[in-house]
1. Note the full-extension length gain between LEU83 and VAL56 as 0.36 nm times their separation in residues minus their Cα-Cα distance, in nm to one decimal.
2. For the chain, give the magnitude of the charge dipole about the Cα centre (Cβ charges: +1 Lys/Arg, -1 Asp/Glu; no others), in debye to the nearest 20.
3. For Cα Rg over 2.2 N^0.38 Å, the choices are (i) 2.44; (ii) 1.07; (iii) 1.16; which was calculated from the structure?
4. For THR63, what charge total do you get from the other residues with a beta carbon under 13 Å from its beta carbon, if Lys and Arg give +1 and Asp and Glu give -1?
5. Is it possible to state the helix-based mean residue ellipticity at 222 nm for the chain, with each DSSP H run of 4+ residues giving -39500 (n - 2.57), the sum divided by total residues, to the nearest 500 deg cm²/dmol? What is it?
6. Which of SER14, SER23 has the fewest other C-beta atoms within 10 Å, and how do the rest follow up to the most?
7. Given labels modelled 7 Å from the Cα in the Cβ direction, how far is it in nm from ILE64 to PHE39?
8. Mind checking segment 1-90 for GluC sites (Glu not before Pro) that DSSP puts in a loop (not H, G, I, E or B) and that have at most 15 other Cβ atoms within 10 Å?
Amino acid sequence: MSTTDTAFINELESIIRSRRTASADQSYTKTLFNRGTPFIAQKVGEEAVELAIAAVQGDRAQTIAEASDLVYHLLVLLEANELSLTDVAAELSARHGN
């Protein structure tokens, strides 16, 4: 994964944050926020199960697709709870002893 690829994750986090307060009713992200944290959490769970199944089946393309769905929904869930990947990275770093 290149720096450019990982930079998009930060960009996506910003896009999700902006969609939270947007008035665009046609935005899937806005729809998730409107449905609330329990619904978003359910989507995270669904995507995690779909990722696990794809990985067990050895389907590389489907594993990538489901991992992408999971990361997206995770970012939405974090934003819904006023958290970010920076918070997650800090926790992982602390666990690693940094």
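1. So the chain would gain 6.7 nm between LEU83 and VAL56.
2. 200
3. Calculated Cα Rg over 2.2 N^0.38 Å: the matching label is (iii).
4. After counting each charged neighbour, the total is -4.
5. Only helices count here, giving -26500 deg cm²/dmol.
6. Lowest to highest Cβ neighbour count: SER23, SER14.
7. Once both label points are built, they end up 3.1 nm from each other.
8. Filter output for segment 1-90: GLU82.
Values quoted throughout were computed directly from the atomic coordinates according to the rules given, and no laboratory measurement underlies them. All figures in this text were calculated on a predicted structure; none of them were measured in a lab. Here Cβ is always computed from backbone atoms with ideal geometry, including for glycine, and neighbour counts include all displayed protein chains.
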